[in-house]
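> Just dropping this structure here.
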Amino acid sequence: MSTAGLGSCIICEKPDSPRCARCKSAFYCSKACQLIDWPVHGLLCGPFATFNTANRPTKDHFRAIVFLPNKYKPKFRWIYCKWHELEYGYRYQCPEASTLVGEGCRVEQAILQSNPVSNRQLDDGITISFRDTFLVDGSARNKGVLSIITTQPGDYHDWRGPITAYGKVGPGSSQTHCRDLDMNDFHHIADFFLSYGSLPPGIMSSAQSVAATPELCGMAILAVLGIAVLLFCYGAIRAIFALFDL
Ligand SMILES: [Zn+2]
Ligand SMILES: [Zn+2]
């Protein structure tokens, strides 16, 4: 991702678009496209503008985005990306699992190589890390993700526990170097949460319908019981008629 000049609008992909005047990061071709993105972009535009890149702890720390259960807004944070050595001299950089999702669990990762809504290919990869057991290990609902998915109507996945997104340089799945995330990346990450397992507004899956309206489930059971009683009665009457040869 270039750090200066013009770029492709993150909403409509129009080339040679200028950056947001405040964060000087996300590209928008027009006020109209900026307004479309603002409900999500506005969550981090100010914090990005004031995030001090001169305070990088080491050259192996990179700007990541964390989504925490107890914080309504996501946050930028430095994370340390450790170098790992494999055989044949192959090296790659990635943060420790505990840095990404806390202690005591395995980390699950979604690797974005394209925007999940527009299918636009990304120049650089984005990795979104979460606890692999977050639905069953008592993790609290992630309010950082909630701040994104409440910007649009719909039914969304129940994200829980701490979640961290960090960047890799270049496309593909074998990138070696980490990189700083910016506000263009934040747009793609938000689209991941807004599209993951989501349904159009007003349409609920059958499982959610039953959970939301247990009385409907009860009525269905009563209906089945009612039919069974009717069939039993019909059978009994037929048997009585047969007995007396009527
Ligand atoms: Zn545009
Ligand atoms: Zn901005």
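> Checking Phe27 against (1) within 30 Å of Ser139 (Cβ to Cβ); (2) modelled with pLDDT of 95 or more; (3) under 22 Å from the mean Cα position of the chain (by Cα), which test does it fail?
(1)
> Could you tell me which residue of the stretch 10-36 is surrounded by the most Cβ atoms within 10 Å (Cβ to Cβ), considering only residues that are of a type in the set (D, E, K, R) and more than 9 Å from ligand 1 (Cβ to nearest atom)?
Looking at residues that are of a type in the set (D, E, K, R) and more than 9 Å from ligand 1 (Cβ to nearest atom), I get Arg19.
> So, one more: Given the conditions (1) under 20 Å from Ile10 (Cα atoms); (2) more than 16 Å from ligand 1 (Cβ to nearest atom), and given that Lys73 satisfies all but one, which numbered condition is not satisfied?
Every condition holds for Lys73 apart from (1).
> Considering each residue of the stretch 14-50, count those that are more than 12 Å from ligand 2 (Cβ to nearest atom) and touching a strand residue (DSSP E or B) at 6+ places or on another chain (Cβ under 7 Å), and give that number.
2
> For Arg91, indicate whether it is more than 15 Å from the chain's Cα centre (by Cα), farther than 24 Å from Thr151 by Cα and of a type in the set (D, E, K, R).
yes
> Need a quick list: helices (runs of 4 or more DSSP H) entirely within the stretch 1-114 having at least 2 residues that are out of contact with any Lys or Arg (no Cβ under 7 Å at 6 or more places or on another chain) and over 19 Å from Gly125 (Cβ atoms).
31-41, 45-50
The values are calculated or read from the model by the stated rules, or taken from the named source; none is laboratory data. The shown structure was predicted, so the numbers you read here are calculated from the model rather than taken from an experiment. Note: ideal-geometry Cβ built from the backbone for every residue, glycine included; neighbour counts use all protein chains shown.
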